[in-house]
1. Considering region 105-138 alone, what residues qualify as being outside any strand (DSSP E or B) and open to solvent by 20 Å² or more (accessible area, probe 1.4 Å)?
2. As an exercise: evaluate Tyr234 against (1) under 19 Å from Ala129 (Cα atoms); (2) aromatic (Phe, Trp, Tyr); (3) crowded, with 16+ Cβ neighbours inside 10 Å and give the number of the one condition it does not meet.
3. Out of Asp30, Asp35, I need the residue that is farther than 27 Å from Val133 by Cα, of a type in the set (Asp, Glu) and modelled with pLDDT under 75. Which one?
4. Tell me which residues, restricted to region 252-268, are part of a strand (DSSP E or B) and buried (at least 17 other Cβ atoms within 10 Å of the Cβ).
5. Kindly establish whether Val133 is under 25 Å from Val89 (Cβ atoms) and either of a type in the set (A, V, I, L, M) or in contact (Cβ under 8 Å) with a residue 60 or more places away in the chain (or both).
6. So which residues in region 177-188 are in a strand (DSSP E or B) and within 24 Å of the chain's Cα centre (by Cα)?
7. What residue, of Gly275, Gly218, Gly295, Gly213, is surrounded by 12 or more Cβ atoms within 10 Å (Cβ to Cβ), modelled with pLDDT under 90 and within 20 Å of Arg361 (Cβ to Cβ)?
8. For region 316-354, give me each residue that is loosely packed, with under 14 Cβ neighbours inside 10 Å and farther than 30 Å from Asp383 by Cα.
Amino acid sequence: MAKRCRIIIMALLGTVSVPALAFAVQERTDRATADDTVLFSADKVTRRQDDAPIMAEGNVRAFFGSQTLVADKVTYDPDNDIVTAEGNVSIFDGDGQTYFADTVELTGDLKDGVATNFSSLLPPQSRLAGASVVTSSDGTTDLNKAVYTACSVCNKDGDKKRPTWQVKGGRVVRDTNTDTIRFRNATIQAFGVPVAYTPYIEFPDPSVKRKSGFLIPGIGNSTRNGFEIETPYYWAISDHQDFTFSPRYFSQLGTLYQGEYRVRTHDGGLVVQAGGIDPRESETDSSPFRFDSEGDQIFNSRGDPVFKLPDTKSSSEFRWHVFADGYKELENDWRAEFNIDLVSDKLYLTRYDVEAQGELREAIDRLQRDRLENELSFVRRRDDSYTKLSTVLFQTLRTREDNDFMGDALPHFTHEQRHDAPYIGGDLTWGTDFLYLHRPQGLDSARLSLNA
């Protein structure tokens with residue numbers, strides 16, 4: 001037997017043409033619970049006879065669990081358990097999603113229904129709209145002539161604007177079971193101009209914070225690298241770690257295999273971005289420079305020697321990069337931190353247009369483009385003191401500079417202490433700083449300073 005909900009309609013304002021201010025249509029089974037109740041409020045509620053539909057008009061509000069329906073007029077047919085909403089219809093979900101339509105016809109529990117001129121606002125700012133929609137209690141929503149975008153459709157003043165990109169499809173299915181939005185016969189538009197067509201495309205549901213799948217590819221072309229395409233795949237390993245694999249193909253250079261691993265726990269975190277390429281994969285290289293067999297002499301396109309590099313990789317050797325950042329909380333307010341920025345040779349970053357991404361971009365952008373820094377440190381921050389013990393190694397990217405003459409901090413120690421000093425009307429702060437610079441080729445140096 002189909003289960004019917006208990007419907008309670010309350011007239012809060014205006015006159016009521018029914019005998020009582022509240023009445024209930026009990027479900028036909030004996031297992032009614034509070035969760036099976038739909039509450040209505042309206043300016044006016046009418047019912048011509050006992051077996052006739054119930055009509056609520058004027059500022060209608062319907063509440064079922066975490067859902068709220070707002071409309072100008074709502075009609076409930078208890079025999080068929082159908083709710084029809086008309087005029088400025090809005091449905092609010094407890095998870096922050098909002099739906100709009102001209103007319104909506106729903107079952108009594110507001111789970112199944114049909115709507116016309118439908119649109120929805122999905123968190124954080126995605127929008128999905130269609131000429132008509134059919135929603136089912138199995139978790140699917142089927143839209144006809146639909147459009148989807150994750151871009152803003154309004155400017156700062158609230159006026160409508162054309163989204164940066166959007167996808168239009170003849171048929172769109174939003175499936176909350178698989179957390180996906182599937183488009184068929186889809187056209188991708190940029191600033192309202194069609195740029196691509198695909199018979200099928202799938203997006204993760206915007207309500208899902210993380211979901212495994214392919215990300216938007218990157219495509220480019222240049223005279224130096226030729227045609228290139230990057231196809232990232234995101235793997236949500238668990239609720240606190242993920243991995244993104246982003247192979248990048250160059251028609252003139254080969255394939256750069258790269259990826260990013262991230263993990264975050266209650267007492268630490270780690271982000272690693274790494275990649276590498278074997279130049280021997282490509283038979284052609286459009287670079288205006290060539291290396292000799294030893295990899296330390298560079299020639300221009302005419303074969304003339306340009307300059308000599310002390311530690312540059314041969315064009316036949318594997319080339320790579322590693323960017324990493326992490327921390328670990330220790331006992332007694334101590335914290336271990338490290339930052340790694342390493343490349344195989346001086347020309348690697350510019351040759352393959354490699355740079356740190358995401359949360360590591362800011363860290364590397366603070367450095368000089370011709371110098372990379374690697375640091376391991378132990379830090380303790382307290383209200384009245386600051387202590388840091390670190391080791392810093394540098395890697396130069398300057399073509400005429402030898403890395404053996406770079407000074408590495410082995411170690412660098414800093415301590416500051418603050419004391420209340422009422423006898424001088426304030427605070428007393430003193431500190432010390434010690435730095436020892438080591439050069440594999442060259443003079444070592446040390447510095448000690450005190451301050452108060």
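1. Asp109, Lys111, Asp112, Pro123, Pro124, Gln125, Ser136, Ser137, Asp138 - these are the residues of region 105-138 that are outside any strand (DSSP E or B) and open to solvent by 20 Å² or more (accessible area, probe 1.4 Å).
2. (1) is the only condition that Tyr234 fails.
3. On inspection, the qualifying residue turns out to be Asp30.
4. Gly254, Leu256, Gln258, Glu260, Tyr261, Arg262
5. For Val133, the condition - under 25 Å from Val89 (Cβ atoms) and either of a type in the set (A, V, I, L, M) or in contact (Cβ under 8 Å) with a residue 60 or more places away in the chain (or both) - is met.
6. Passing the criteria: Thr180, Ile181, Arg182, Phe183, Ala186, Thr187, Ile188.
7. Just a single option satisfies the conditions, and that option is Gly218.
8. Across region 316-354, the qualifying residues are Ser316, Phe318, Thr350.
The values are calculated or read from the model by the stated rules, or taken from the named source; none is laboratory data. What you see is a predicted model, and the numbers here were worked out from it, not measured in a lab. Heads up, the Cβs are rebuilt from the backbone with ideal geometry, glycines too, and the neighbour counts pull from every protein chain shown. With ligands, DNA and RNA removed, areas are computed over all heavy atoms of the protein, side chains included. Shrake-Rupley method; radii C 1.70, N 1.55, O 1.52, S 1.80 Å.
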